[in-house]
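The values are calculated or read from the model by the stated rules, or taken from the named source; none is laboratory data. Bear in mind the structure is a predicted one, so any value in this text is a computation, not a measurement. Here the Cβ positions follow ideal geometry from the backbone for every residue, glycine too, while neighbour counts run over all protein chains shown.
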Amino acid sequence: MLKNKLGNSDLLITRIGFGAWAIGGSGWEFAWGEQDDRKSIEAIHTALELGINWIDTAAAYGLGHSEEVVAQALKDWKGEKPYIFTKCALIGDEQGRMHRSHKA
């Protein structure tokens, strides 16, 4: 599997990663429909077996469900742990309003 250096870091990542957007399930606005978590975990394991060394996920994917599935897949994974790339998104309330919270 071909790898490239990530920016100015010392990380060598594969040119292909595993995108975990679709495994977020059906409980969110941009869903692909119901997903079988066991099949999603199998897909992650297959990607890792093939040499992929990074997974793209985000808390917004399935309102956190994607990250839960990735965590479960890695908990069971005996091989080298991949890099996890994540990001954040603003999610509004039922009326689409954004709020700011300063509570710790």
Exercise. Kindly provide the set of residues from segment 39-85 that are more than 12 Å from residue 19 (Cβ to Cβ), among the β-branched types (Val, Ile, Thr) and either surrounded by 18 or more Cβ atoms within 10 Å (Cβ to Cβ) or modelled with pLDDT under 95 (or both), ordered by number.
Key: 41, 69
Quiz item: Filtering segment 7-26 down to residues that are crowded, with 17+ Cβ neighbours inside 10 Å, under 14 Å from residue 67 (Cα atoms) and at pLDDT 85 or above, which residue is nearest to the chain's Cα centre (by Cα)?
Solution: 20
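Name the residues in segment 42-60 that are within 9 Å of the chain's Cα centre (by Cα) and under 13 Å from residue 81 (Cβ atoms), would you? It would help to see each step written out before you state the result.
Start the filter on segment 42-60 by keeping residues that are within 9 Å of the chain's Cα centre (by Cα), which leaves 55-59.
55, the sole residue that qualifies.
Would you check if residue 29 is of a type outside the set (Val, Ile, Thr), at pLDDT below 95 and over 13 Å from the mean Cα position of the chain (by Cα)? Don't jump to the end; show me each part of the working.
Values: of a type outside the set (Val, Ile, Thr): yes; at pLDDT below 95: yes; over 13 Å from the mean Cα position of the chain (by Cα): yes.
So residue 29 passes the test.
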